[in-house]
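These notes concern the structure reproduced below.
The values are calculated or read from the model by the stated rules, or taken from the named source; none is laboratory data. Because the structure is a prediction, the values reported are computed rather than measured. Cβ sites come from the backbone with ideal geometry, for glycine too, and all protein chains shown count toward neighbours. These area figures cover heavy atoms from the full protein model, side chains too; ligands, DNA and RNA do not enter into them. Shrake-Rupley method; radii C 1.70, N 1.55, O 1.52, S 1.80 Å.
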Amino acid sequence: MSEPKAPTPTPAGDTYKGWLFKWTNYIKGYQRRWFVLSNGLLSYYRTQAEMGHTCRGTINLATANIAVEDSCNFVISNGGAQTYHLKASSEVERQRWITALELAKAKAVRNQAESDDSGDECPTSPPTSGQGGGARNSEVQSTLRTLGSKVEDLSTCNDLIAKHGSALQRSLSELEGVRLGGDTDGKIRQVTERATLFRITSNAMINACRDFLALAQAHSKRWQKALHSERDQRIRLEETLEQLAKQHNHLERAFRGATVLPLSQSNPALDSKSSGSAKGDASDEDDENEFFDAMEDPAGFITVPADPKYHRRSGSNISGLSAETGIDDQSLCDEQSLGSNPESPQSLEVEPVRKRRTKIPDKPNYSLNLWSIMKNCIGKELSKIPMPVNFNEPISMLQRLSEDLEYYELLDKAAKCQSSLEQLCYVAAFTVSSYSTTVHRTGKPFNPLLGETYELDRLRESGYRSLCEQVSHHPPAAAHHAISERGWTLRQEISLASKFRGKYLSIMPLGSIQCMFEKSNNHYSWKKVTTTVHNIIVGKLWIDQSGEIDVVNHRTGDCCHLKFAPYSYFSRDVARKVTGVVTDKEGKAHYVLSGTWDEKMEFSRVMQSNKGENGTEGKQKTVYQTLKAKELWKKNPLPEGAETMYYFSSLALTLNEFEEGVAPTDSRRRPDQQLMEAGRWDEANAEKQRLEEKQRSVRREREREAQRAANLPEEGAEGVEDSFITDSPLKSVHQDNYEAMWFERTEDVVTGESMHVYKGGYWEAKDHGNWDMCPDIY
């Protein structure tokens, strides 16, 4: 999932090398590239091995503009033709690159200016910048070695010239002794003069080269000393910048944490006046700092501590607060009593009537390649590809829906609330809690057979009972109804649509969830967010939840807008973050919710709100003055050994436990699911294929009967089994001619939505043991 951490870039000779993330496009995003800074040019390669043969791009820093975007991002552009959007792995690393780039740019600009001024002449004065000291030293040494080699060549040539010149003069002297004509004497003298001039010129050239070499050697010592000093200064400067960057980052985090802490913890003067017990809350303060630091930009609002007058609890102040903010005294008392209740869910339950199981057989270590399935299905419709149990977990989708009641006690607390706004906070926390069981659950639940049911009877233990039924198979849809003797009713109808996007699979639940409270007649509704399964083909599977939810109270008009932030590898925010604001029908904010969908949720009362601070991209953000945050919900720890038991929660471990008296269509009686749980996967796959073929046969017979009744020509449509793709358009061709046993489709008078609602009769049939109306689906 994550990229390997890039090593710290290091100078090497006259270059500066290291890994950076370069923006490519909106499909691939940032990609890891190897960058080399040398001689005023910044080049990049896909890998270090490409340096010898393939350069992906080069930009000249002499004409480039370097801009810093945030703590890790920076941009290099040369005026439009080339633009590099780069990201370092840390703020310190980014600062090192910026320093190296700025120094390299200054050097490139200076060298270009000197070249323009002096033409082809080389500057004789040593550079004053410390950047590239080692490079300059290496260059001078290389030049000196080259010059020395050339001078040695010239010395060799000089010896040869001297040798041949002497021989030439001897020959000419001997020739001069021979008396020939006058013209011959003149020619000999001319040759002698030319030979002498040649020797003098050669000696002068050699002497000049030797003088240059001596001068270069003398300057080299001085240059080396200056360059060593510049290099030491550069190292000290880099260390100082690194330390400053760390201090800046620490101060920035501390400042952000201080802006959201309540005044009683953020004001040292008040801390000195408070009791001694308040000084021991350092760990809690750190937790709050870290938590609030994560809810800045994505939430679209900022929370700050409320005015000190809101924290005083005298009678006069409470009455003044009520008059100013419009909040009644009863609501204030409710916030203190509800938010400060630290009781665990177990403390609210009655002693269980029966002991539930706490362990199931360990998951077998069977490896299965997706290609081994797909290669045998070439030419087939994707909706006809059966998925083996290797990709499943031993519970059905109906049992997954029942798992939403893992934290039913949130609805119990909501039923006791006197304020509808506080009740909305607990309902919103309940919607978030239903995702906490999915964080490690990458297995696919069994697709229920048409007419399959699942009951979860916890009436004597926890005060509620629920029933699910698969009411449609084309498209697949399940209806769920739960009722509690503590004053609440939950119902939902969910169908799933999925889109395979190469690397990941998006699962979009369709339908709505409704919750009604008997005492207050409040009627809430909301929808689920998108679930994304990453690394479908290659890599380790992991799950993320993203999107927005509006939990609406249809009686009062109150609304809680929740935002599930998608996970980003490059984000500094806390992973799996959720933020929300509870508003009344007038749009006035009363509570701020924040937390993560896999850990906990907290809420804070809003005392005042105003607009005026600009966030990212110039968007105006609302500033909320809030009281101290209180915990709404916290995830229960997983049972011991959960990693070998499909990461099931304590409730999930009991869902498939057999109970006497359940309907013959109950998911607990499904044979392939029971075989998988027992670790007999080969038998489970065979049984699964048998059940799917039986379901297709029943479906074809039902369609023939419906067509005969309507005097239509028969069509041999086949059903779609527990398939790889769950939203094939083929599924809408033939709607199920099936009437649900325990649910009926009606239009809700409050929300106006059409959904399957429990029509009664199941629990009475169970009491009498009368299941004659149930079909034989197994």
Row for segment 15-112, column shape: gyration tensor on C-alpha, a ≥ b ≥ c, rounded if a/c < 1.5 i.e. under 1.5, prolate if a/b over b/c, else oblate; value rounded
For segment 537-667, dividing by residue count, accessible area per residue (probe 1.4 Å) in Å² works out to 45 Å²
N610 and Y569 label points (each 7 Å along its Cα→Cβ direction) are spaced in nm at 4.4 nm
Heavy-atom accessible area of segment 390-540 with neighbours in place, 1.4 angstrom probe: carbon+sulfur share in percent works out to 54 percent
Note: S173 to E705 extended length (0.36 nm per residue) minus current alpha-carbon separation gives 178.3 nm
Taking the alpha-carbon centre of each part, the distance from segment 16-69 to segment 547-579 in Å is 37 Å
Sorted on mean Cβ neighbours within 10 Å (highest first), peptides 590-597, 661-668, 765-772 come out as 590-597, 661-668, 765-772
Largest-first ranking of R145, R700, R460 by accessible area, probe 1.4 Å, whole protein assembly kept, is R460, R145, R700
From most to least accessible, 1.4 Å probe, no ligand or DNA/RNA atoms counted, T453, T531 line up as T531, T453
Ranking M607, M773 from most to least accessible area with a 1.4 Å probe gives M773, M607
Residue separation between S546 and E739 times 0.36 nm, minus their alpha-carbon distance, gives in nm 66.0 nm
Heavy-atom accessible area of segment 15-112 with neighbours in place, 1.4 angstrom probe: carbon+sulfur share in percent works out to 49 percent
The FRET efficiency for E747 and K499, from their Cβ-Cβ distance with R0 = 25 Å and rounded to 0.05, is 0.25
S166 and L244 label points (each 7 Å along its Cα→Cβ direction) are spaced in nm at 6.8 nm
The distance between the Cα centres of segment 434-457 and segment 473-538, in whole Å, is 11 Å
Here the gain from full extension of N770 to R236, 0.36 nm per residue of separation minus their alpha-carbon distance, amounts to 183.7 nm
For R745, the accessible surface traced by a 1.4 Å probe with all protein chains present amounts, in square angstrom to the nearest 10, to 130 Å²
Computed over segment 15-112, protein heavy atoms only, probe 1.4 angstrom, the accessible area per residue in square angstrom equals 46 Å²
